Each structure stands twice: as structure tokens, then as C-alpha cells.
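Engineer: This is the structure I want to talk about, given as C-alpha cells.
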Amino acid sequence: MGGSFGKCYDPSGSQFGIPTYPWRYAPKGLATRRQLRARGLRPGGQPVAAQVLRPRYRRGPLTAYLYRVDRAKPVRPMTPARWAALAKANLARRTCPTCRTDAGYVIPTSLGMCVPCAYPDDEQRAA
């Protein structure tokens, strides 16, 4: 085993507390949250089964937690109430707090308001 491979390989869990594998070397039957979601599944309250580590130069390793696919549950379907709540939340993200209009895009958090309210002089120059 190579240098970084050996540091991330601990299938018994003696070093990290849970079974640990190098990046892209996870055994079959385990998947990350994103991989489960791509299959239409969710962890469903099960504990983390293992982890995958990816060493990085001069920083701590990237960690991805793995869950058992056979214990995963199907994703809950969207109900009309959930769709309505999501639409209301997205409308709030598009509404400018200064001029109270729907900007048509998500208001940047760096500005805190729509672009015309943030830069009123630029609109006069363009006209």
C-alpha cells in the first residue's frame, strides 16, 4: 500500500472508530447521501456505516460518510403543501427588501437587495 492509501485504509475501524476506506475504494453495498438520492433513496435514520477519506496536501482529508443501501428507505414524495411552502420560500428569496418587488432572480446575499437598488447610479448612466 502506498503512503496516502495506507493512512486511509482501516476496515476494522480501530484507528478512526468506524470502518474507513480510501477515496473510490468503498465496498459494494455502501453509498453516500448523494448516491442514495440519485437512486431515489434516503438514509432513513440509520447510523453511519463507514467513511471514505480523500487525503489533501497541507490540509485535513475530505470525508464522505457511507450508509448501507439495503437499509435505505425511499425518498418521501412532495405533497401539495410542501410544494406551496417551497414556492413561498423561493418568492421570499427573490423579493427585494428595499423596493418590495420580485426581482426575477435570487437576491445576492452579498448585496442584500436587488441590483438596481444596490447600484442606482448605474441605471441612470445606462439610459
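Engineer: When the stretch 9-31 is examined, which residues are found to be at pLDDT 85 or above and either surrounded by 14 or more Cβ atoms within 10 Å (Cβ to Cβ) or of a type in the set (A, V, I, L, M) (or both)?
Structural biologist: Correct list: Ile18, Pro19, Thr20, Tyr21, Pro22, Trp23, Ala26, Leu30, Ala31.
Engineer: In the stretch 54-62, is there at least one residue being more than 21 Å from the chain's Cα centre (by Cα) and either of a type outside the set (Asp, Glu) or loosely packed, with under 10 Cβ neighbours inside 10 Å (or both)?
Structural biologist: Yes; the residues of the stretch 54-62 include at least one that is more than 21 Å from the chain's Cα centre (by Cα) and either of a type outside the set (Asp, Glu) or loosely packed, with under 10 Cβ neighbours inside 10 Å (or both).
Engineer: Let me ask another. Here is a list: Leu86, Leu36. Which entry is more than 30 Å from Asp102 (Cβ to Cβ) and surrounded by 10 or more Cβ atoms within 10 Å (Cβ to Cβ)?
Structural biologist: Among Leu86, Leu36, only Leu36 is more than 30 Å from Asp102 (Cβ to Cβ) and surrounded by 10 or more Cβ atoms within 10 Å (Cβ to Cβ).
Engineer: With the requirement that a residue be open to solvent by less than 40 Å² (accessible area, probe 1.4 Å) and closer than 21 Å to Lys7 by Cβ, what does the stretch 39-53 give you?
Structural biologist: Ala49, Ala50, Gln51, Val52, Leu53
Engineer: Only one of these conditions is not met by Thr79: (1) among the hydroxyl-bearing types (Ser, Thr, Tyr); (2) open to solvent by less than 70 Å² (accessible area, probe 1.4 Å); (3) in contact (Cβ under 8 Å) with a residue 12 or more places away in the chain. Which number is it?
Structural biologist: (3)
Engineer: Right, here's the next one. Here are Ala92, Ala72: which of them is open to solvent by less than 90 Å² (accessible area, probe 1.4 Å) and either touching a Gly at 6+ places or on another chain (Cβ under 8 Å) or touching a residue at least 24 places away in the same chain (Cβ under 8 Å) (or both)?
Structural biologist: Ala72
The values are calculated or read from the model by the stated rules, or taken from the named source; none is laboratory data. All values derive from a computational prediction rather than experimental measurement. Positions of Cβ are generated from backbone atoms using ideal geometry, with glycine treated the same way; all protein chains shown enter the neighbour counts. For the accessible areas, the whole protein counts, side chains as well, though only heavy atoms, and no ligand, DNA or RNA atoms are used. Shrake-Rupley method; radii C 1.70, N 1.55, O 1.52, S 1.80 Å.
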